[in-house]
Amino acid sequence: MPIRLLSSEVASQIAAGEVIERPASVVKELLENSLDAGARTITITIEEAGRKLIEIADDGLGIPSAELDLAISRHATSKLVRSEDLFSISTLGFRGEALASIGSVSRMTITSRVENELEGARLRVEGGKPGNITKVGTTVGTTMRVEDLFYNVPARLKFLKSDVTERRAIDSLVTRYALAYPDKRFKLSEGRNITLQTSGDGDRRAILAALYGVDVAKQMLEITAEEDLYRITGFISPTSLTRSNRREITFFLNGRWVHDGSLSTALLQAYHTFLMVGRYPLTTLFLEVHPEEVDVNVHPAKAEVRFRNQDKVFSFVQRSVRKALLAYSPVPNVAPSLWGTMRTRPSASNAVGLDWAIGHDEKFSVNSEQSPGNGDLRVETEAQSPIIDRKSEIENSSFTPVPLLRLIGQIGATYLVAEGPDGLYLVDQHAAHERVLFEKLMTQHAMKNIPSQSLLTPVAVTLPPQSTHLLITQLPALQHFGFDVEEFGPNTFQVRAMPTLFMGSDPAVSLRALVEDFEEDESPLQNEIEAKLAARVCKRMAVKAGQALSH
Ligand code: ADP
Ligand code: MG
């Protein structure tokens, strides 16, 4: 075939493909425009997870009516004049591409008014083709309406994930921007459901609660550090709070959400030796560097950046986080005078990592590979849980029945000491209890007979927006386990009954444990999902290291 120039329509769809991948990318671009326009209040409304509608209204500077048609042209921007400016960018946008891209793959309507014009103007763009500009009465600011995203690019539509996933990407994006800009008021809603609303009073921890839930937000450690050209602020999780993936590691660089491998590596190095293998911290960090120190013009969506002095930034982040972690690190809970140099095992106090493995997820640590005498105990019950489909693997590993033991007592409020036929046994009380609960629960589950008990007064639990969607998809599975949970309002659920096995423990804690760490699409097998659900609750319900037990 001869070489031909692409039609402008095809060319602009190709260009759009680099920036606009999914509904959340539209939200990101429009949000950034509103922030660049100095908006104080940003209101986002979506319908059908953003496929049908994304509307963002701001009270920023607005676009002069005479510039409306330019705003939607490619490479038209008010934020950059000379090529040198590219190396000292202080706005979020600068390429003048977003509106052109969004306009070419949707039906987009801009309504905007600037202070010194009496009326506003409106322009509609459909599949890249602009209509006429009309005058409208409106307040100062801009409202962008994006309807039927990808209606003219069916191939893109096919690549969109489930509504739950797309919605979650939007929720998590907006929540993070709200956190990065605590002085602005954000509101995100879908239908009558308000997912997020911030007050703009500058209080980051309140927004953190919207992101992670109150429990987790309370535990997050605040960090602030400054060194000649760099400044870092934000929140990091204590070493007891981890996730099985890196998804909760967030960096903002000069007010922009970036995904930078070296920043994450620096962070993980700071946590090195504090976390079990395969566990990751939760962090939201805001790094500020002089605009000349960074090149943001290296990635279509500006998600990646290049630092002028990579090593310096790396070591600044690594040192600052490490320092904060050490400053906050908890006092060992074993009195040194009593026990000499004995230290508690880090994993024994780790409340989130699974101390024994189920299924075949390599992200979980498999204790059966460790040598015995590491302080972990293998507990065998008569009924092997049929749901564990790697049963043979487990049997082939070093599981041996535990003989009858005589309990001597507890040491360090962490290990049970017992005498057995072949010597002394140290039992990690948390790991053992967790396993016992799990076996009991799964046995009852296999027999389809999980005794459940109604709570005297149902307990209402509010979850962060992302967890809400996940929990809804898990409600039927929960029912199988004897939890009676129902939706009770926006992001709020009511626990009405719990498995008898867990009676006496806090229903709110167990509900949170259920959604925590849950990865969407983590396994297509209902069996495995249920086994993991069970593992998560048992982990939370089990006695912890540091808990004194009665004989
Ligand atoms: P960029 O942000 O890279 O400049 P965009 O295509 O996102 O490019 O926007 C083009 C121009 O339209 C911006 O430079 C800005 O002047 C104007 N604009 C877009 N959105 C807004 C808004 N919400 N408020 C005011 N001006 C806006
Ligand atoms: Mg922009």
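A few comments on the model shown:
- Any pair with Cβ under 6 angstrom, 6 or more apart, that starts in region 61-83 at a residue that is farther than 13 Å from Asn33 by Cβ and ends at one that is of a type in the set (Phe, Trp, Tyr): Leu80/Phe94
- Which numbered condition Ile54 fails, given (1) more than 13 Å from Ala98 (Cβ to Cβ); (2) crowded, with 24+ Cβ neighbours inside 10 Å: (1)
- Criterion: away from ligand 2 (no atom under 16 Å from the Cβ) and in contact (Cβ under 8 Å) with a residue 12 or more places away in the chain - qualifying residue of Thr143, Thr175: Thr175
- Qualifying residue in region 142-153 (condition: aliphatic (A, V, I, L, M) and surrounded by fewer than 16 Cβ atoms within 10 Å (Cβ to Cβ)): no
- Hits in region 172-183 (condition: assigned to a helix (DSSP H, G or I) and either closer than 19 Å to Asp36 by Cα or at pLDDT 95 or above (or both)): Leu173, Val174, Thr175, Arg176, Tyr177, Ala178, Leu179, Ala180
- The criterion of at least 1 residues that are within 37 Å of the chain's Cα centre (by Cα) and away from ligand 1 (no atom under 13 Å from the Cβ) is met, among strands (runs of 3 or more DSSP E) falling completely within region 68-145, by 107-113, 120-126.
- Qualifying positions in region 184-214 - open to solvent by 20 Å² or more (accessible area, probe 1.4 Å), assigned to a loop (DSSP other than H, G, I, E, B) and free of Cβ contacts under 8 Å to residues at least 60 places away in the same chain: Arg192, Ser199, Asp201, Gly202, Asp203
- When region 219-258 is limited to residues that are β-branched (Val, Ile, Thr), in contact (Cβ under 8 Å) with a residue 24 or more places away in the chain and outside any loop (DSSP other than H, G, I, E, B), the one that is farthest from Gln318 (Cα to Cα) turns out to be Val258.
- Among residues of region 94-108 that are within 12 Å of Pro130 (Cβ to Cβ), those with a beta-carbon under 7 Å from a residue that is part of a helix (DSSP H, G or I) and more than 8 Å from ligand 2 (Cβ to nearest atom) at least six positions away or on a different chain give the pairs Leu99/Ala71; Ala100/Ser12; Ser104/Ser12; Ser104/Gln13; Ser104/Ala16; Met108/Ile102.
- Selection status of Ala49, in contact with an Asp or Glu (Cβ under 6 Å, 6 or more places away or on another chain) and assigned to a loop (DSSP other than H, G, I, E, B): no
- Put simply, of Thr273, Thr233, Thr284 the only residue that is in contact with a Ser or Thr (Cβ under 6 Å, 6 or more places away or on another chain) and surrounded by fewer than 18 Cβ atoms within 10 Å (Cβ to Cβ) is Thr233.
- Considering region 236-255, and only residues there that are open to solvent by less than 10 Å² (accessible area, probe 1.4 Å) and under 24 Å from Leu31 (Cβ atoms), the residue that is farthest from the chain's Cα centre (by Cα) turns out to be Leu253.
- Flag if Val436 is open to solvent by less than 10 Å² (accessible area, probe 1.4 Å) and β-branched (Val, Ile, Thr): no
- Matching residues, region 168-195, being touching a strand residue (DSSP E or B) at 6+ places or on another chain (Cβ under 8 Å) and within 23 Å of Ala513 (Cβ to Cβ): Asp171, Thr175, Thr195
- Some residue of region 414-430 being over 26 Å from the mean Cα position of the chain (by Cα), closer than 30 Å to Leu211 by Cβ, buried (at least 21 other Cβ atoms within 10 Å of the Cβ) and at pLDDT 85 or above: yes
The values are calculated or read from the model by the stated rules, or taken from the named source; none is laboratory data. None of these values were measured; they are calculated from a predicted model. Don't worry about glycine lacking a Cβ; one is built from the backbone with ideal geometry, like all the others, and counts go over all protein chains shown. For the accessible areas, the whole protein counts, side chains as well, though only heavy atoms, and no ligand, DNA or RNA atoms are used. Shrake-Rupley method; radii C 1.70, N 1.55, O 1.52, S 1.80 Å.
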